[in-house]
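> Mind looking over this structure? Questions follow.
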Amino acid sequence: MNHPFEKLAGFISALELALEKDDWEEVAQLDLSVRPIVNECTSLSLKKGEKATLSELLQRLQSLYDQLSAENIGRRSVLGAELKKLHKERKAISQYIQSSGY
């Protein structure tokens, strides 16, 4: 890997690993550091071959964030269904308590 992109490549590898392990705390920590790394890479004066390498790395990074977004949408749906279920149960308990005279 070209030296100017070592941080970005390392970040991508760490993010891939965190996603594989479903380590959401690690993903959140990594997300906080992505912007400076990308800014550093995109502010460099690059040769043609380096531009292609950077483009490939950025595409991999975008793909990971797309995957993360899709997983979060799925999680949100599951959590929403669970919250609805809990709300119904709570409502049923409240009605039972009111009707039983507690």
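> Would you please name the residue that is surrounded by the most Cβ atoms within 10 Å (Cβ to Cβ), looking only at residues in segment 33-51 that are at pLDDT 90 or above and polar (S, T, N, Q)?
Top of the filtered list is SER33.
> Would you confirm whether or not segment 24-42 contains a residue that is without any contact (Cβ under 8 Å) to a residue 60 or more places away in the chain and outside any helix (DSSP H, G or I)?
No, because not a single residue in segment 24-42 is without any contact (Cβ under 8 Å) to a residue 60 or more places away in the chain and outside any helix (DSSP H, G or I).
> Report whether or not ARG60 is touching a residue at least 40 places away in the same chain (Cβ under 8 Å), assigned to a helix (DSSP H, G or I) and of a type in the set (Lys, Arg).
yes
> Report the residue count in segment 18-32 for those that are surrounded by 13 or more Cβ atoms within 10 Å (Cβ to Cβ) and either touching a helix residue (DSSP H, G or I) at 6+ places or on another chain (Cβ under 7 Å) or of a type in the set (A, V, I, L, M) (or both).
Taking segment 18-32 as the starting set, the residues that turn out to be surrounded by 13 or more Cβ atoms within 10 Å (Cβ to Cβ) are 18-19, 23-24, 26-27, 30-31.
Subsequent filtering for residues that are either touching a helix residue (DSSP H, G or I) at 6+ places or on another chain (Cβ under 7 Å) or of a type in the set (A, V, I, L, M) (or both) retains 18-19, 26-27, 30.
So the answer is 5.
> As an exercise: evaluate LEU54 against (1) over 27 Å from ARG75 (Cβ atoms); (2) open to solvent by less than 90 Å² (accessible area, probe 1.4 Å); (3) without any contact (Cβ under 8 Å) to a residue 40 or more places away in the chain and give the number of the one condition it does not meet.
(3)
> Given the structure, is GLN67 open to solvent by 100 Å² or more (accessible area, probe 1.4 Å) and part of a helix (DSSP H, G or I)?
Judged against the criteria, GLN67 is not a match.
> Just wondering, is there one or more residues in segment 63-78 that are β-branched (Val, Ile, Thr) and modelled with pLDDT of 90 or more?
No, because not a single residue in segment 63-78 is β-branched (Val, Ile, Thr) and modelled with pLDDT of 90 or more.
The values are calculated or read from the model by the stated rules, or taken from the named source; none is laboratory data. Only a predicted model underlies this, so the values are computations on that prediction, with no experimental measurement involved. Ideal geometry is used to build each Cβ from the backbone, glycine not excepted, and the neighbour counts take in all protein chains shown. Only protein heavy atoms, including side chains, enter the accessible area calculation; ligands, DNA and RNA are left aside. Shrake-Rupley method; radii C 1.70, N 1.55, O 1.52, S 1.80 Å.
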